[in-house]
Amino acid sequence: MPQTIKILHFSPTGGTRRVALLLAKGIAPNVREYDLCDPQAEPTVFHPDDVALVAGPAYGGRLPAMMTGRLKKWQGNGARAVAAAVYGGRAYEDTLIELSDLLRGQGFRVMAAAALLAEHSIVHIAAGRPDEQDARQLGAFGRQIAAKLDHGSQEEPAVPGSHPYKEWSGMPAVPQVSEACTGCGLCAEKCPARAIPTGQPDTTDPSRCILCMRCVAICPQQARALPAPMLEALRGKLAPFDAERRENELFL
């Protein structure tokens, strides 16, 4: 079993980070985290004997463009990697293959891949995921990955997805701010896209916002929300995907 695993995650509302940690702890006892949501995060140097877990959320079946841009600053230098796409119960589509391709392009050796469940950040289908059942399963996945790494296998997994990747241009909306806003500025401080002006936390720059929902999730006054008509439309569209439990998938 590897002794240390380095996790790179893009996790605006925390779900991707939670499942990544559950998987990582089955692979190695020691974990080092690197936050790709932080625009000031400095890339670290990887070595061929390192093991990395890179986890990102599915946005419309694709990786967030902001994550791909930031990940291109990191060089794998032959390090072994696990690619993890995290989705909220609808579908991950081309997210996992896009992430695997990107990691190879950055010099990582992709030894395993996983499609993992976390509560949807907007409409909260797959509510409560990851749960205790997920934790047990992801621990078992991690041990399987560790065993493959210990055996020295160089075989890369077949990962589902399509070339070219599906098109996704985002949704034309930004969170709205209610009168409950006290101007504390937490949303501006924590926004991965710097879409909320520090001096005007009751506004959002639509040209920068990626609708990651971090500002909605962390607002202490619950003063931010998507426009109600859009939220209701999304709930209606995604409700059928919440009818039965989806399971995590491992590709070795």
Original post:
For Gly107, which sequence-distant residues (separation of 5 or more, or a different chain) have an amide H within less than 5 Å of its own amide H, given hydrogens modelled in the peptide plane?
Top reply: Gly76
Original post:
Taking 0.36 nm per residue of separation and subtracting the Cα-Cα distance, what length does fully extending Cys184 through Ala239 add?
Top reply: 16.4 nm
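Quick check on the chain: of the DSSP beta bridges with both residues there, what percent are antiparallel, nearest 5%? Walk me through the numbers before you get to the answer.
Working: 6 of 31 bridges.
Percent antiparallel among DSSP bridges in the chain is about 20.
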**OP:** Would you calculate the volume per residue, in Å³, of the smallest convex hull containing every Cα atom of segment 104-199?
**Re:** 208 Å³
**OP:** Counting only GluC sites (Glu not before Pro) that are in a DSSP loop and have at most 13 other C-beta atoms within 10 Å, tell me the longest site-free stretch of the chain.
**Re:** 1-154
Original post:
Which residue, Pro206, Pro229, Pro48, tops the fluctuation ranking in a GNM of the chain built on C-alpha contacts under 10 Å?
Top reply: Pro229
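What does the charge count near Thr95 come to, summing +1 for each Lys or Arg and -1 for each Asp or Glu among other residues with Cβ under 13 Å from its Cβ? It would help to have the intermediate numbers written out before the result.
Working: positive: Arg62, Arg90, Lys166; negative: Glu93, Asp94, Glu98, Asp101, Glu249.
After counting each charged neighbour, the total is -2.
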**OP:** Sort by residue number and report every cysteine in the chain with no other cysteine beta carbon within a distance under 4.7 Å.
**Re:** Cys37, Cys181, Cys184, Cys191, Cys209, Cys212, Cys219
Subject >> Long-range HN-HN contacts of Ile7 with modeled amide H, under 5 Å >> reply: Arg32, Glu33, Tyr34, Leu53
Subject >> Paramagnetic label zone (point 7 Å from Cα along Cα-to-C-beta, Gln40; backbone N under 20 Å) in segment 169-213 >> reply: 184-201
Subject >> Ala127-Ala173 FRET efficiency (beta carbon distance; Förster radius 25 Å; 0.05 resolution) >> reply: 0.65
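Just from its helices, what would the mean residue ellipticity at 222 nm be for the chain, if runs of 4 or more DSSP H residues each count -39500 (n - 2.57) and the sum is divided by every residue, rounded to the nearest 500 deg cm²/dmol? Could you put the intermediate results ahead of the total?
Values: 7 runs with 72 residues, N = 252.
That comes out to -8500 deg cm²/dmol.
Only the coordinates and a few stated rules stand behind these numbers; no lab work does. Note that the coordinates shown come from a computational prediction; the quantities given were computed from them, not determined experimentally. Note: ideal-geometry Cβ built from the backbone for every residue, glycine included; neighbour counts use all protein chains shown.
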